[in-house]
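So the structure is just underneath, and the comments pick up after that.
The values are calculated or read from the model by the stated rules, or taken from the named source; none is laboratory data. Computed from a predicted model, the values in this text were never measured in an experiment. Cβ: placed from backbone, ideal geometry, glycine included. Neighbour counts: every protein chain shown. The area values use the complete protein model at the heavy-atom level, side chains included, leaving out ligands, DNA and RNA. Shrake-Rupley method; radii C 1.70, N 1.55, O 1.52, S 1.80 Å.
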Amino acid sequence: MTGPGPVRPPRLRSGDRVAVVAPSGPLVAERLDRGLDVLRGWDLDPVAAPHARGTHPTLGHLAASDGERARDLQDAWCDPSVKAVFAARGGYGAQRMVDLLDWDALRAAAPKPLIGFSDVTVLHEAFAVRAGVSTLHGPAVAGEVFLKDDATREHLRRTLFAPETVRTLAPPSARPLVPGRARGVTLGGCLALLAAELGTPRARQGAAGGLLLLEDVGEPPYRIDRALTQLLRAGWLEGVAGVVLGSWARCGPYEQVREVLVDRLAGLGVPVVEEFGFGHGDSALTVPLGVPAELDATAGTLTFEVPATA
């Protein structure tokens, strides 16, 4: 990855209007209501997108039709009164709607924080590659971890309002899989979605020079192996500067997962840190994507050269 990197969006301020969208799966209405209440408690003015509570007419795994979900996201992003866009949940569906977005209009709009994880990895990649905007790999506001875990909420709040206070991430669980230090621009997210992006129009061509974040949920070790092998065979990992591994919830015994991670990643010859506390775990850090940082895998730290939001 070369050049100055994506543009950082402005930080949030008290009273800002923000939008909550459902680009993927359908929501539990009660969880959405609770998530909106949390945002109000941050002195924000949250608005749920028109189809955030919807369902697809025939496909129950989707929140509304592809066009409706795309329109909700585009309208929120292009509305100058909206200062941030939160994903309500992940699931599946962002791949179906990402090419329906008007990327000329999205590029012309002022950048703003986009927050989400899991299936939202598709959108993180698209906004980085097609719009040149950095985003936040963080919890979904109608998700269980956001609603239950104080630390998860507080870290996201500080990242949005006071990013200079969270320039260094040092989760106590972090430990080196491959020791060493590296610098690069952060990218990545859910492993399965990154593998699924290969070969699609306007996908990122590779992780060269970047600090790659990887995590997943509900994928047994052989499927983690398969996705990593696909990235390796495609040459997508050539030149990556370092790797930051998050949670592998419901992926089987961690030691079995770890054996796959060592087998597939240690040969890259770059620093790799594991159990870094982001993703589908019981608590989740917010990690900026598209921001230059230094990884110290030996110490278990990730330090950003600039705050996540401007």
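Any chance you could give the angle, 0 to 90 degrees and rounded to 10, that helix 66-78 forms with the longest Cα principal axis of the chain?
90
With a 10 Å cut-off between alpha carbons and a GNM built on the chain, which of Ala174, Ala128, Ala109 moves the most?
Ranking Ala174, Ala128, Ala109 by mean-square fluctuation puts Ala109 first.
What's the angle, to the nearest 10 degrees (0 to 90), between helix 150-161's Cα axis and the longest principal axis of the chain?
The two axes meet at around 80 degrees.
Report the accessible area of Trp103, computed with a 1.4 Å probe over the heavy atoms of all protein chains in place, in Å² rounded to the nearest 10.
20
Compute the length gained on full extension between Ser173 and Trp42: take 0.36 nm times their separation in residues and subtract their Cα-Cα distance, giving the result in nm to one decimal.
So the chain would gain 44.3 nm between Ser173 and Trp42.
Ranked from the most accessible area to the least, with a 1.4 Å probe and all protein chains present, what is the order of Arg233, Arg167?
These residues rank, largest area first, as Arg233, Arg167.
Under 8 Å for C-alpha pairs, at least 6 residues apart: give me the relative contact order for the chain, rounded to a whole percent.
It comes to 21 percent, rounded to a whole number.
Quick one: ranking Lys112, Lys148, Lys83 by accessible area, 1.4 Å probe, largest first, what do you get?
Result of the area sort, largest leading: Lys148, Lys83, Lys112.
With every protein chain in place, what's the accessible area of Asp225 (1.4 Å probe, Å², nearest 10)?
50
Hey, what angle do you get for helix 29-41 against the long axis of the chain, alpha-carbon based, 0 to 90 degrees rounded to 10?
In the chain, helix 29-41 runs at an angle near 90 degrees to the longest axis.
Report the accessible area of Glu294, computed with a 1.4 Å probe over the heavy atoms of all protein chains in place, in Å² rounded to the nearest 10.
The accessible area comes out at roughly 50 Å².
Can you tell me how much longer the chain between Tyr222 and Ala108 gets when fully stretched, taken as 0.36 nm per residue apart minus their C-alpha distance, in nm with one decimal?
36.8 nm
How large, in percent, is the carbon and sulfur part of the accessible surface of the chain at a probe radius of 1.4 Å?
Reported share for carbon and sulfur atoms: 50 percent.
What is the set of long-range amide H partners of Gly239 at a cut-off below 5 Å, with H atoms built 1.01 Å from backbone N?
For Gly239, whose amide H was placed from the backbone, there are no distant partners under 5 Å.
Provide the net charge surrounding Val257, with neighbours chosen by a C-beta distance below 15 Å and charges set as Lys +1, Arg +1, Asp -1, Glu -1.
Combined, the nearby Lys, Arg, Asp and Glu give -3.
Report ³J(HN,Hα) in whole Hz for each residue of segment 94-101, in order, from the Karplus equation J = 6.51 cos²θ - 1.76 cosθ + 1.60 where θ = phi - 60°; Gly and Pro get x.
With coefficients 6.51, -1.76 and 1.60, one gets 4, 4, 6, 10, 5, 7, 8, 6 Hz.
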